[in-house]
Amino acid sequence: MKLSKSRQLLWLAIVLPTLSLAQEAGEEKKTKNEFNASFNYQSALHFFARTDSLKSSGIFPMLGFQLKNGLYAQGNFIFVQNSMQSAAYTGTALEAGYRFPQTDHFSGNLFFSRFLYKDGSTLVQSALRSQTGANLSYLNKILNLNGGLSLMFSDKTDVNASLGVDHLFIFNKGMNNAAIALAPSFTANLGTQQFSNTYLERKNVLGIPVTQQTTENITQFNILSYEVAMPVVFVKGKCNLAITPAYVIPQNLVTVAGRPDLSERGKNMFYVTLSAGVRL
């Protein structure tokens, strides 16, 4: 599962804003306190296209609320299933933040997320403890421009960023209090990678050649993945259904010669996210 931008699930970053826009297209926008709940399934779990060896999928019930002043909180309860286990609870992702008032051209949010994983979790990102950051979108009729920047905290601190574009299509003509929205998107995910490089170095000590092992810690800021997605959302009154097929391509996988246990596992991957929700 991609608990990034946290916005921790990719479908939260794309689908929920799409739902809001689709609803606003069919009814006058109202400012009020709002409760939302959804049930979500993701066919292949990944973290910037990094995966475990079990080909896991996941189920994520979500509960949340937003005050009319823009403050919000939500919790995602993570159940992982694979060849070794069947829909086992593995952790909770909690998020709180502030959503900026949406204008004709800008939307965005500030957030802080806390991750509570069970010991022995097989998720690639289970070492991640918390994350904080901001997302901002510039909306227009041609291409919406999306950007995000965050800090991710484990035993080290990593910087992550995302840059992307999407275009929103809304179909509600002749539909009674309903709408269908499509939002094809392309996103590049970037971030720091921290690893060590160990090598043998030959030196002269008092004229005597000596070979010693040297380890250096390296931090690089690289592109981590590219992702193409096509959210399709149906909204009827306060209920919504969504399907998001996506294709993700990993970049700059860290590999250690002869040590697959220390190397990142990743490959080009097609996956689908399904969601059913209600907003009250």
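The values are calculated or read from the model by the stated rules, or taken from the named source; none is laboratory data. Everything numeric in this text was worked out from a predicted model, so none of it was measured. Virtual Cβ from ideal backbone geometry, glycine too; neighbours counted across all protein chains shown.
Key figures for this structure:
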read-out: Test: residue in region 171-180 that is hydrophobic (A, V, I, L, M, F, W, C), modelled with pLDDT of 75 or more and under 30 Å from SER263 (Cα atoms); value: no
read-out: Leading residue by the ranking (modelled with the highest pLDDT) among those in region 129-155 that are closer than 22 Å to ALA93 by Cβ and outside any strand (DSSP E or B); value: ARG129
read-out: Members of region 146-168 found to be within 16 Å of MET230 (Cα to Cα) and under 17 Å from the mean Cα position of the chain (by Cα), listed by number; value: ASN146, GLY164, VAL165, ASP166
read-out: Flag for SER126 being modelled with pLDDT under 90, surrounded by 15 or more Cβ atoms within 10 Å (Cβ to Cβ) and assigned to a strand (DSSP E or B); value: no
read-out: Hits in region 129-144 - residues which are touching a residue at least 60 places away in the same chain (Cβ under 8 Å) and closer than 19 Å to ALA73 by Cβ; value: GLN131, GLY133, ASN135
read-out: Matching residues in region 66-85 - criterion: being closer than 21 Å to ALA134 by Cβ, part of a strand (DSSP E or B) and touching a Lys or Arg at 6+ places or on another chain (Cβ under 9 Å); value: GLN66, LEU71, TYR72
read-out: Output for region 132-160, where each listed residue is under 21 Å from HIS105 (Cα atoms) and hydrophobic (A, V, I, L, M, F, W, C); value: ALA134, LEU136, LEU139, ILE142, LEU143, LEU145, LEU149
read-out: Pick from region 70-123, criterion surrounded by fewer than 18 Cβ atoms within 10 Å (Cβ to Cβ) and among the basic types (Lys, Arg), ranking: modelled with the lowest pLDDT; value: LYS118
read-out: Pair list, Cβ < 7 Å and 6+ apart or interchain, from region 161-187 residues that are under 16 Å from ILE243 (Cβ atoms) to residues that are among the acidic types (Asp, Glu); value: ALA183/ASP166; PRO184/ASP166; SER185/ASP166
read-out: Unique match (being in a strand (DSSP E or B), closer than 22 Å to VAL233 by Cβ and either free of Cβ contacts under 8 Å to residues at least 24 places away in the same chain or of a type in the set (A, V, I, L, M) (or both)) among LEU110, LEU63; value: LEU63
read-out: Count of residues meeting criterion [surrounded by 19 or more Cβ atoms within 10 Å (Cβ to Cβ), of a type outside the set (Ser, Thr, Tyr) and modelled with pLDDT of 90 or more] in region 243-268; value: 3
read-out: Residue in region 220-238 that is modelled with pLDDT under 75 and either in contact with a helix residue (DSSP H, G or I) (Cβ under 7 Å, 6 or more places away or on another chain) or small (Gly, Ala, Ser) (or both) present; value: no
read-out: Index of the failed condition, GLN74 passing every other in (1) farther than 22 Å from GLY237 by Cα; (2) in contact with an Asp or Glu (Cβ under 6 Å, 6 or more places away or on another chain); (3) polar (S, T, N, Q); value: (1)
